[in-house]
Amino acid sequence: MTTRVPVERLRLIADGWERVRRPDTLAVEEPLEIRAAGQVVTVTMRTPGADIDLVHGYFLAEGIIADAAGIRSARYCAGAVATGPDGREQNTYNVIDVDLTEPARAAAGLSRTALSTSACGVCGSASIDAIRDRLPPPLAGPRAQVTAGIVADLMRRVGAGQENFERTGGLHAAALADAGGSIHALAEDVGRHNAVDKVIGAGLRAGLLPRADAVLLVSSRASFEIVQKAAMAGISIIAVVSAPSSLAVETAAALGLTLIAFARGDRCNVYSGFDRVAD
């Protein structure tokens, strides 16, 4: 997930600029090509690791599968090779082929091939309306509550669990938790949408989703895509460190989700689903 590179650090001191060369740790960013029965579905720039979880989360969000059983198998392609430092060919682990259980259902979801980057999770969409049409109806069932104190504690623990962010300063984090304060999955990635896909995929594979009291925590802002992914996974509570977009708030409210933003330290703002957040 990380790599070391040389860097020159310049610092202004009393008699001029001091220049020091030292190693620095960076977050790795590499492409992951996702295929279904050999057909390219998408290429996303991600931080390697938890790729199978990422695939499950992505396919669920796109409506290609309905649950973990929708993927019969997922494997790295043996033919995806590159020349390593020793001159030998080695697997890049950057291409995954998925065998889907329900080809007919998958065909509709696969009709839109997207190119996602670490900066934008919905590139390639014909329009926002095209994505909005795939969203499920408002979540039904009992409305679980979470306290503001638990949200603050979860955010603190997610921050403390960002091992690679501490080393690089260049990774987003996402976590899947419950309203009781337990964290079930945590992932880091250069793309916040990839980190979200990874924890949703982990929860899906573990049989934890959908879940009425599930909480999605993200160490960045709340965008439309984050709300969409949570809704498709059956997550009713979202908490983020930074600001929400107007469309994220509008979508969360329309779908009956609770959206909490600016969740930092001893404060947070609730933008929708106010009744789910207790004092």
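Determine how many Å³ per residue the convex hull of the Cα atoms of segment 14-91 encloses. Present the calculation step by step, with values, prior to reporting the outcome.
Values: hull volume 13.1 nm³, N = 78.
So the per-residue Cα hull volume is 168 Å³.
Once label points are set 7 Å from the Cα along Cα→Cβ at both Ser242 and Ala278, what is their separation, rounded to one decimal in nm?
Label-label distance for Ser242 and Ala278, simple model: 3.3 nm.
When the chain is fully extended, how far beyond the present Cα-Cα distance does Arg4 get from Thr147, taking 0.36 nm per residue of separation? If you can, show how the numbers build up before the last one.
Values: separation 143, 0.36 × 143 = 51.48 nm, distance 4.09 nm.
So the chain would gain 47.4 nm between Arg4 and Thr147.
Net charge near Ala160: determine it from the other residues with C-beta under 13 Å of the C-beta of Ala160, scoring Lys and Arg +1 and Asp and Glu -1.
Values: positive: Arg156, Arg157; negative: Asp153, Glu163, Glu166, Glu188.
Combined, the nearby Lys, Arg, Asp and Glu give -2.
Starting from the Cα-Cα distance between Arg267 and Glu30, subtract it from 0.36 nm times their residue separation and give me the gain in nm to one decimal.
Working: separation 237, 0.36 × 237 = 85.32 nm, distance 3.58 nm.
Between Arg267 and Glu30, full extension yields 81.7 nm more.
Once you list every other residue whose beta carbon is under 10 Å from the beta carbon of Lys198, what net charge do they have if Lys and Arg are +1 and Asp and Glu are -1? It would help to have the intermediate numbers written out before the result.
Values: positive: Arg46; negative: Asp51, Asp53, Glu188, Asp189, Asp197.
That works out to -4.
Using helices alone, I'd like the mean residue ellipticity at 222 nm for the chain: each DSSP H run of four-plus residues gives -39500 (n - 2.57), total over residue count, nearest 500. If you can, show how the numbers build up before the last one.
Numbers: 8 runs with 76 residues, N = 279.
Theoretical 222 nm ellipticity from helices: -8000 deg cm²/dmol.
Quick check on packing: order 13-22, 237-246, 210-219 by the mean number of other C-beta atoms within 10 Å, highest mean leading.
Details: 13-22: 7.8, 237-246: 20.6, 210-219: 22.1.
Result, highest mean first: 210-219, 237-246, 13-22.
Taking every pair of Cα atoms in segment 146-278, average 1/r, invert it to obtain the Kirkwood radius, and report Rg/Rh to two decimals. Write down the numbers at each step before the final one.
Working: Rg = 13.0 Å, Rh = 14.1 Å.
Here the Rg-to-Rh quotient is 0.92.
Put a dot 7 Å past each Cα toward the Cβ at Ala104 and Ala69; how far apart are the dots in nm?
Roughly 1.6 nm, to one decimal.
Assuming a viscosity of 1.567 mPa s and a temperature of 4 °C, what translational diffusion coefficient in µm² per second does Stokes-Einstein assign to the chain, Rh being the Kirkwood radius over Cα pairs?
Working: Rh = 19.7 Å.
Calculated translational D: 66 µm²/s.
Plugging the Kirkwood radius over Cα pairs into Stokes-Einstein for segment 207-265, at a temperature of 25 °C and a viscosity of 0.890 mPa s, what D comes out in µm²/s?
Values: Rh = 11.1 Å.
Result for D is 221 µm²/s.
Would you mind putting 58-70, 224-236 in packing order, based on average other-beta-carbon counts within 10 Å, highest first?
Details: 58-70: 20.8, 224-236: 25.5.
With the highest mean Cβ count within 10 Å placed first, the list reads 224-236, 58-70.
Going by average Cβ density within 10 Å per residue, which order do the peptides 257-268, 45-56 take, highest to lowest?
Working: 257-268: 18.7, 45-56: 22.7.
Per-residue Cβ counts within 10 Å, averaged per peptide and sorted highest first, yield 45-56, 257-268.
Coordinate-derived values only; no laboratory data. Note that this is a predicted model, so its numbers are computed, not measured. Every residue, glycine among them, receives a Cβ derived from its backbone with ideal geometry; neighbour counts consider all protein chains shown.
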